[in-house]
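Here is the structure we will look at.
The values are calculated or read from the model by the stated rules, or taken from the named source; none is laboratory data. Treat the numbers as computed from the prediction; the structure is a model and nothing was measured. No Cβ is skipped: glycine too gets one built from the backbone with ideal geometry, and neighbour counts run over all protein chains shown. Surface areas here come from the heavy atoms of the whole protein model, side chains and all, with no ligands, DNA or RNA. Shrake-Rupley method; radii C 1.70, N 1.55, O 1.52, S 1.80 Å.
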Amino acid sequence: MSQRRARLILTLPLLLSSTLITAQTQPPAKPNPAEPEAYKLLDDIASRISTLRSRNNRLQVTCEVADLIWTKDEKRARSLFESAMKEFTDFIAEYDFTDQEALHDFQSFYQHRQLIVERIAAHDPNMALSFLRATRHVKEPRLGINSESERNLEMHLAGLIATTDPAMALKLARASLAEGTSHNAINLLTRLRQKDAAAAQTLYSDIVERVGAEDRVQNSDSLNVAANLLSTFQPPHANEETYRKLAEMFLTRVLAVSPSDPTRVQQAHNIYHQARNVMPLIEKYLPARGPSFQQWSRAVEKTFDANAQRHNEMNELTQRGTVDEIIAAAPKFPADIQPHLYQQAVWKALNSGDAARAHQLATELISDPAQQQQMIAQIEAHQLWKAVSDNKIADAHKLLAKVKQIDQRVQIVTQLATSLAAKGDKKGAVSLLDETRIAITDLPGSVQKLNAQLNLARSYGGLDPDQGAALLQTVITQVNPLIAAAAVLDGFDNRYLSEGEWMPRNYSGLGQIVNGLQQTLGQYGGRSNCSAN
């Protein structure tokens, strides 16, 4: 089956059906390589977009088609993107913000703004940015549309282009930072470092400067950004001098929140755990400041009630204590807390690499049979994932037999297949996928089974596309009658249709399957290899 043709199986019926989405139940014949069949189908889809009644559907299909045809017909793709942008801006211009009942419809439609940005950014970041800034005048606090959400979306766009155009990503991020901090800045920093270390250092310094400019204790968001930055971007990736500056800035702001001030007690409680989590890093780079923080911590702890103090003591024990120290201290705590401490001792032994002792402790210390069985299952799952991450394929394959949950089993298999393929063993990877595909074939129909088949199809995509396409066709055959039933039940327990058409942003179990199916078909079509061969 043509990979590009597979992408279209689910999209074309969305246009042709007036009441529900359907898909072909018979695999289409392979197209003649000399004939651009997939693009003829795309042309047909593009010509029918205007027949869709739902604005949501028109926007989604327009962006989908424009994305697919960009490499073959950039001019037409741009025209389609422009029509999507106009559709969006026309809606905003016509919307009555005083209509409370229409607020949900506005929220559903406004989500397409990010979809448009993401689709265009894959081809023309400047066009995406122009659209983003041309539509940023909308403010709707009831839906969380404000200056902060705008900064986050601009940082999201910068993250999308960080690996293809780091210079523009940096420029965009710095402009956004000029208006305020953003949690997405740290995600962007991580991506930028992978492509351009110098640009990442520049952005890091800018974020630290911005945090300093917002040096107000009341600004909890800025404090959160500082704490996350300390944790995620450390020397040598971060400039050590700048890192020390950030650590000093963070600690100074924390110590300014005096627990002896009745108006600040709750604020001190809120930042206590966050500060303690990053304190080991601060002590490493600012050792002289440790005593001041410890004094502040003790002052805050005195304001906790008895239950909170005991909770903090327990956290301190599990985080800093050894396995033996946790076990020895557990009897000093109330009986209802002791099982939790014993479980933490088991996890600490396991995380230290001693799986045998972890299994022994679970058997000896956890008396409740159900909890003990669950703990042992978690130990085995941990060993399995460790074998996967360590590329110990044989060990992982052996442990896999104990995994009964279909979604967990498929998740592990797909990662194992990726590891095998990376080692050059494509045949072994396909064999592992085949084995799992056959094993789940006879399972009863369920959301879990369909999701498992979709995940397997994604893994087949880079190894055996024909096999993956056949599996997708199987999923489509199973989904068709479910969609037909959903159309009949529409409005009884869920909304599946809008204006007689399938709702693309449907978050029911079936809706997620349909969304996942279309995304998987999109993966098979690909964004970089759309050609008419």
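Computed values, structure above
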{"quantity": "Pairwise FRET efficiency - Arg48 versus Phe91, Cβ, R0 = 30 Å, nearest 0.05", "calculated": "0.90"}
{"quantity": "Column: log10 I(q)/I(0), Debye, Cα scatterers of region 372-438, q = 0.17, 0.18, 0.22 Å⁻¹", "calculated": "-0.55, -0.62, -0.88"}
{"quantity": "Heavy atoms of Asp261 accessible to a 1.4 Å probe, total area in Å² rounded to 10", "calculated": "60"}
{"quantity": "Cα gyration tensor category, rounded, prolate or oblate, for region 283-399 with a/c compared to 1.5", "calculated": "oblate"}
{"quantity": "Global size of region 153-196 as Cα Rg and Dmax, reported in angstrom", "calculated": "9.0, 26"}
{"quantity": "Whole-angstrom gap from region 270-307 to region 151-230, using each part's C-alpha centre", "calculated": "27"}
{"quantity": "Kirkwood Rh in Å, taken over region 322-368 so that all alpha-carbon pairs contribute", "calculated": "10.5"}
{"quantity": "Neighbour-limited loop hits for trypsin sites (Lys or Arg not before Pro), region 274-342 (at most 15 other Cβ within 10 Å; DSSP other than H, G, I, E, B)", "calculated": "Lys302"}
{"quantity": "Per-pair calculated FRET efficiency, R0 = 56 Å: Lys302 and Asn494 via Cβ, rounded to 0.05", "calculated": "0.60"}
{"quantity": "Phe304 - accessible surface, heavy atoms, 1.4 Å probe, Å² rounded to 10", "calculated": "30"}
{"quantity": "Dimensionless Rg over Rh [region 102-209; C-alpha; Kirkwood]", "calculated": "0.99"}
{"quantity": "At q = 0.20 Å⁻¹, base-10 log of I(q)/I(0) for region 342-459 (Debye sum, equal scatterers on each alpha carbon)", "calculated": "-1.03"}
{"quantity": "Rounded to 10°, Cα long-axis angle of helix 306-320 versus longest principal axis of the chain", "calculated": "80"}
{"quantity": "Sequence-separation-based contact order of the chain, relative, with Cα cut under 8 Å and 6+ spacing, percent", "calculated": "19"}
{"quantity": "Dmax and Rg, reported as Rg then Dmax, of region 64-127 (C-alpha, Å)", "calculated": "13.8, 44"}
{"quantity": "FRET efficiency for Thr164 and Lys426, using Cβ-Cβ distance with R0 set to 41 Å, rounded to 0.05", "calculated": "0.90"}
{"quantity": "Helix axis angle, 37-48 relative to the chain longest principal axis, alpha carbon, degrees", "calculated": "90"}
{"quantity": "Alpha carbon centroid spacing (whole Å) that separates region 313-353 from region 423-441", "calculated": "41"}
{"quantity": "Region 185-253: projected area of the alpha-carbon convex hull, averaged over directions, in nm²", "calculated": "3.9"}
{"quantity": "Where Ser431, Ser352 fall by accessible area, highest first, once all protein chains stay in place (1.4 Å)", "calculated": "Ser352, Ser431"}
{"quantity": "P(r) histogram, all alpha-carbon pairs of region 180-332 included - 5 Å bins from 0, percent", "calculated": "2, 8, 18, 18, 18, 14, 10, 7, 4, 1, 0"}
{"quantity": "Amide H partners (placed H, <5 Å) of Ser498, local residues excluded", "calculated": "Met503"}
{"quantity": "Computed Kirkwood radius, in angstrom, where 1/r is averaged over Cα pairs of region 397-481", "calculated": "12.9"}
{"quantity": "Taking N as its residue count, the alpha carbon Rg of region 232-300 over 2.2 N^0.38 Å", "calculated": "1.14"}
{"quantity": "Range of Cα positions in region 463-519 per principal axis (Å), largest first", "calculated": "41, 19, 18"}
{"quantity": "Relative compactness, the chain, computed as alpha-carbon Rg over 2.2 N^0.38 Å", "calculated": "1.15"}
